[in-house]
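Visitor: Got a structure here, written out as structure tokens. Questions coming.
The values are calculated or read from the model by the stated rules, or taken from the named source; none is laboratory data. This one's a predicted model, so the numbers in the text were calculated from it and none came from an experiment. Here Cβ is always computed from backbone atoms with ideal geometry, including for glycine, and neighbour counts include all displayed protein chains. Ligands, DNA and RNA are excluded from the accessible area calculation, which covers all protein heavy atoms including side chains. Shrake-Rupley method; radii C 1.70, N 1.55, O 1.52, S 1.80 Å.
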Amino acid sequence: MVRHSATLAINERLEAKRAAGERVLHLGFGEAGLPVPPAVATVLAEAAGSNGYGPVAGSARARAAVAGYFSRRGLPTEADRVLLAPGSKALLFALLSVLPGDVVLPRPCWVSYAAQAALAGKQVIDVPIPPAAGGVPEPRVLETALAEARAAGAEPGVLILTVPDNPTGTVAGPELIEQVCAVADRHGLVVISDEIYRDLVHEGSVYSPATVLAHRTVVTAGLSKNLALGGYRIGFARLPSGPGATRLRTELIGVASEVWSSLPAPMQEVAAYALDEPAEVREHIERGLRLHRTVAAAVHREFLAAGASARAPQAGFYLYPDLESWRGKGFATGKQLTEHLLNRHGVGVLAGVEFGDDPGALRFRVATSLLYGSSTEQRWAALHSEDPLSCEWIAEALTHLRTALTPREP
């Protein structure tokens, strides 16, 4: 049985506590926490009358905009290699449905990959991440894991990479990506590179697996993180080039035609506008990136001060602290620790076990993006502030966290 998504479940649990009048600190859900740019809202309003079905893969204008988006990021793309969908989740599941073979996952990883693999009837082959960054497996261990999986009767066929990574908030570098892609190539794996956070790298840029393994890498992305349009459900994929690409496109369109028909026409207009990247869109994303970087760094400092070990945030709005130093306080599992933080202090985070981590590890994912405000006015103020940490509501949230991280017996 596939359970309720852990990220959606913690969001609903925290919202119920808030509705009941409890004071909560929402660090459990990866919603980007920013307001809708006015120009985007205008495009959507003007497209409200577009109520007809469109091409399954997406309109010519929207696909051209996606192609331009990738091409400007060093991945030359033709419009006929693009597919749009109601969210990148739908694309990921469609890919797992049509690609042959079992799924290789770096662990810890985003909660939906394993669940979708199960829905697609595929076995999951776990491979730990290296110390440098999450989202990719340890290359040498990957070789061994593939051999052992085949010896046990599995048929590895798909490797999912997340660049930048959720849950660790880190970015794998070129050397690591190239090593992993070399292993994937030797073993005939198709790579799905989930790059939905690629525009939110704090410093530098993303080195995509599609750069080195173009003929067998599918890139997925969307507008839910860079423009905080999660509720708009706009996702898109860049399909590989070379032999087999035409068949993959045909099979994906077949799935799409039977499941979601097409991305809603008004959202295709939003996608075409946003992915053409006019100045107001670029400015909004850049402001959002600065806010994510500033607040994630401040939360990281709070965890370090409490004795946690944690990689410094490199992208997006996630941290993955380890509070092993608290084990002497009576905490035996990550789930026990996160329940303590929630029930005693109203702090919602997700235990590492939800991401495939060791249940006994005192690790958990922290999402900082819902600290920007509880109203549209507060979010706009945080977005445009030169010093967002001085915003009263963000300062209060950091104080709340600092209090919760003062060690106590469970």
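Visitor: I'd like the residue in segment 385-409 that is assigned to a loop (DSSP other than H, G, I, E, B) and surrounded by 11 or more Cβ atoms within 10 Å (Cβ to Cβ) and, out of all such residues, is modelled with the lowest pLDDT.
Guide: Here is the first cut: in segment 385-409, the ones assigned to a loop (DSSP other than H, G, I, E, B) are 385-387, 391, 405-409.
The next check asks that each one be surrounded by 11 or more Cβ atoms within 10 Å (Cβ to Cβ); those that pass are 385, 391, 405, 407-408.
Working: Ser385: 98, Cys391: 98, Leu405: 95, Pro407: 65, Arg408: 59.
Going through the qualifying residues, I end up with Arg408.
Visitor: So, one more: Anything in segment 348-376 that is farther than 18 Å from Ala397 by Cα, open to solvent by less than 10 Å² (accessible area, probe 1.4 Å) and assigned to a helix (DSSP H, G or I)? List them, or say none.
Guide: Gly352, Phe355
Visitor: Could you count how many residues in segment 100-110 are surrounded by fewer than 24 Cβ atoms within 10 Å (Cβ to Cβ) and either touching a His at 6+ places or on another chain (Cβ under 6 Å) or farther than 16 Å from Val191 by Cβ (or both)?
Guide: Number satisfying all stated conditions: 1.
Here is a yes/no grid of residues against (1) at pLDDT 95 or above; (2) over 23 Å from Gly134 (Cβ atoms):
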residue: Arg198; (1), (2): yes, no
residue: His202; (1), (2): yes, no
residue: Lys225; (1), (2): yes, no
residue: Ile234; (1), (2): yes, yes
residue: Thr246; (1), (2): no, yes
residue: Ser257; (1), (2): yes, yes
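Visitor: Among (1) assigned to a helix (DSSP H, G or I); (2) modelled with pLDDT of 95 or more; (3) under 20 Å from Lys329 (Cβ atoms), which single condition is Ala382 missing?
Guide: With (1) assigned to a helix (DSSP H, G or I); (2) modelled with pLDDT of 95 or more; (3) under 20 Å from Lys329 (Cβ atoms) applied to Ala382, the lone miss is (3).
Visitor: If you don't mind, another one. Of the conditions (1) in a loop (DSSP other than H, G, I, E, B); (2) in contact with a Gly (Cβ under 9 Å, 6 or more places away or on another chain); (3) open to solvent by less than 20 Å² (accessible area, probe 1.4 Å); (4) under 24 Å from Pro359 (Cα atoms), Tyr113 fails just one. Which one is it?
Guide: Tyr113 satisfies every listed condition except (1).
Visitor: Same structure, new question: Considering segment 45-78 alone, what residues qualify as being aliphatic (A, V, I, L, M), surrounded by fewer than 21 Cβ atoms within 10 Å (Cβ to Cβ) and under 30 Å from Ala117 (Cβ atoms)? I'd like the intermediate steps shown before the answer.
Guide: Our first condition is that a residue be aliphatic (A, V, I, L, M); within segment 45-78, this holds for 45, 47-48, 56-57, 60, 62, 64-67, 75.
So of that shortlist, the ones also surrounded by fewer than 21 Cβ atoms within 10 Å (Cβ to Cβ) come out as 45, 47-48, 56, 60, 64, 75.
Val56, Leu75 - these are the residues of segment 45-78 that are aliphatic (A, V, I, L, M), surrounded by fewer than 21 Cβ atoms within 10 Å (Cβ to Cβ) and under 30 Å from Ala117 (Cβ atoms).
Visitor: With respect to Leu227, determine if the residue is assigned by the TED database to the domain that holds Ala214, more than 23 Å from Asp199 (Cβ to Cβ) and open to solvent by less than 30 Å² (accessible area, probe 1.4 Å). Lay out the reasoning, then the answer.
Guide: On the way: assigned by the TED database to the domain that holds Ala214: yes; more than 23 Å from Asp199 (Cβ to Cβ): no; open to solvent by less than 30 Å² (accessible area, probe 1.4 Å): yes.
No, not satisfied.
Visitor: Step by step: first the residues of segment 311-347, then only those that are within 28 Å of Ala382 (Cα to Cα), modelled with pLDDT of 95 or more and small (Gly, Ala, Ser), then the one that is most open to solvent (accessible area, probe 1.4 Å). Which residue is that?
Guide: Only one residue fits best here, namely Ala312.
Visitor: Something else about it: Looking at (1) assigned by the TED database to the domain that holds Leu383; (2) open to solvent by 10 Å² or more (accessible area, probe 1.4 Å); (3) in contact (Cβ under 8 Å) with a residue 24 or more places away in the chain, which is the only condition Arg290 fails?
Guide: (3)
Visitor: Another question, then. Among the residues of segment 270-291, are any basic (Lys, Arg), closer than 30 Å to Asn51 by Cα and part of a helix (DSSP H, G or I)?
Guide: Of all residues in segment 270-291, those basic (Lys, Arg) come to 282, 287, 290.
Still in the list and also closer than 30 Å to Asn51 by Cα: 282.
Adding the requirement that they be part of a helix (DSSP H, G or I) leaves 282.
Yes, segment 270-291 contains at least one residue that is basic (Lys, Arg), closer than 30 Å to Asn51 by Cα and part of a helix (DSSP H, G or I).
Visitor: Kindly indicate the residue of segment 132-159 that is touching a strand residue (DSSP E or B) at 6+ places or on another chain (Cβ under 9 Å) and touching a residue at least 60 places away in the same chain (Cβ under 8 Å) and also nearest to Gly356 (Cα to Cα) among those meeting that condition.
Guide: Residue satisfying both the conditions and the ranking: Gly134.
Visitor: Restricting attention to segment 258-286, which residues are open to solvent by 50 Å² or more (accessible area, probe 1.4 Å) and in contact (Cβ under 8 Å) with a residue 12 or more places away in the chain?
Guide: Initial filter on segment 258-286 (open to solvent by 50 Å² or more (accessible area, probe 1.4 Å)): 258-259, 264, 269, 276, 279-280, 282-283, 286.
Hits for segment 258-286 are Val259, Pro264, Glu269, Asp276, Glu280.
Visitor: Sticking with this one: Just to be sure I understand, how many residues within segment 183-195 are open to solvent by less than 40 Å² (accessible area, probe 1.4 Å) and in a helix (DSSP H, G or I)?
Guide: Qualifying residue count, segment 183-195: 2.
Visitor: So which of Thr211, Thr220 is in the same structural domain as Glu175 (by the TED database) and farther than 25 Å from Arg61 by Cβ? Spell out the reasoning first.
Guide: On the way: Thr220 fails: farther than 25 Å from Arg61 by Cβ.
None of the others qualify; the one that does is Thr211.
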